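In what follows, a structure is listed as structure tokens, so that the remarks can point back to it.
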Amino acid sequence: MRFEGKVAMVTGAASGIGRATSRAFVQAGARVALCDVAHDALASVADALTPLGERPLTFDLDVTDRARVNAVVEEIARTCGKLDILFNSAGVLRRPMSLIEMPDDLWDRHWNVNLMGTIFCAQAAAREMLTRQYGRIINVESIAGDLPRMRLGHYCVSKAAVKMFTKCLALELANQGVTVNAIAPGPTDTPMVRGPRSDEASLQAAYAFAVEGSPPDFRLGIPTGKILTPEDQAAAVLFLASEEAGQITGHILYVDGMAKLA
């Protein structure tokens, strides 16, 4: 199997892209450590994945807590003997709002989870990986880190910072056997993107707008004509984590149906 003998840590594993990627790793033979603040949900994810391979480990993890991050990485390495792969999937998108009116707590939440959480996990994982001169770190940027969005400045800024962190860490580790890359999803059908929409009609209307765009606003939508799925993103993560991607580092892989260029 493609990842047999590999140990992968996935944050934000209870839902969305993190959950889909965890499933893909288990199916490919990896031993997976599921990490999320939604610990109860992790148990059900682990139950669902167990028939597909080895039962995943589960860890209650707030990525903004550096001490807890360090402890979890150490426990994974102690239990499994190593850590080969980190997928930094934990992230938030809350309360669209004008930058002028945005309160400190909203800035702090996005900065702390999307950027600092990514940094804390990458630092801890890299220290462990360097002991064996091997590792794969995959972060989650977003096309919103490249394209300004109305009322989403807090999210855009945090993801743009993840992009530069990815490149800087990749440069530091370039000759030490550890690659550092990121996926940059376009509109993807996840709980975070669905947000508070409770009825299917309003959700499909929002997705149709995302796909079709708004020509008067010079927004062409998604040229491939479909909303991305968590499984689309998971496939990209597994490629970046693979042996075949060993000479790819410092790269941002856009999985967006060409939305960034449209």
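Under 1.5 on a/c is rounded, so check that first for the chain, then, if it is not, pick prolate when a/b is larger than b/c and oblate when it is not; a ≥ b ≥ c are the square roots of the alpha carbon gyration tensor eigenvalues. Prolate is the answer for the chain, as a/c is 1.5 or above and a/b outweighs b/c. Once both axes come from the Cα atoms, what is the angle between helix 66-80 and the longest principal axis of the chain, in degrees from 0 to 90, rounded to 10? The angle comes out near 50 degrees.
Once the Cα atoms are used to define both axes, helix 117-130 deviates from the longest principal axis of the chain by about 30 degrees.
Among residues other than Phe239 with Cβ under 11 Å from its Cβ, the summed charge is 0 (Lys and Arg +1, Asp and Glu -1). What translational diffusion coefficient, to the nearest whole µm²/s, does region 1-48 have by Stokes-Einstein, given a Kirkwood radius computed over alpha-carbon pairs, a temperature of 25 °C and 0.890 mPa s viscosity? Stokes-Einstein gives a translational diffusion coefficient of 235 µm²/s.
Karplus-derived 3J(HN,Hα) values for region 12-20, using 6.51 cos²θ - 1.76 cosθ + 1.60 with θ = phi - 60°, are x, 7, 6, 7, x, 5, x, 5, 4 Hz; glycine and proline are entered as x.
What's the longest piece of the chain with no exposed GluC sites (Glu not before Pro), counting a site as exposed if DSSP puts it in a loop and it has at most 16 other beta carbons within 10 Å?
For GluC sites (Glu not before Pro) (loop position, at most 16 other Cβ atoms within 10 Å), the longest site-free span of the chain is 102-262.
Between Thr58 and Leu34, the built amide H atoms are under 5 Å apart, and every one of these is 5 or more places off in sequence or on another chain. For Lys226, the lysines whose Cα falls under 29 Å of its own Cα, not counting residues fewer than eight places away in the same chain, are Lys159, Lys163, Lys260.
Relative to the longest principal axis of the Cα atoms of the chain, the long axis of helix 39-49 makes an angle of roughly 70 degrees.
A short reminder: the numbers here are calculations on the coordinates, not readings from a lab. Quick caveat: nothing in here was measured; it's all calculated off a predicted structure. Neighbour counts run over all protein chains shown; Cβ positions are idealised from the backbone, glycine included.
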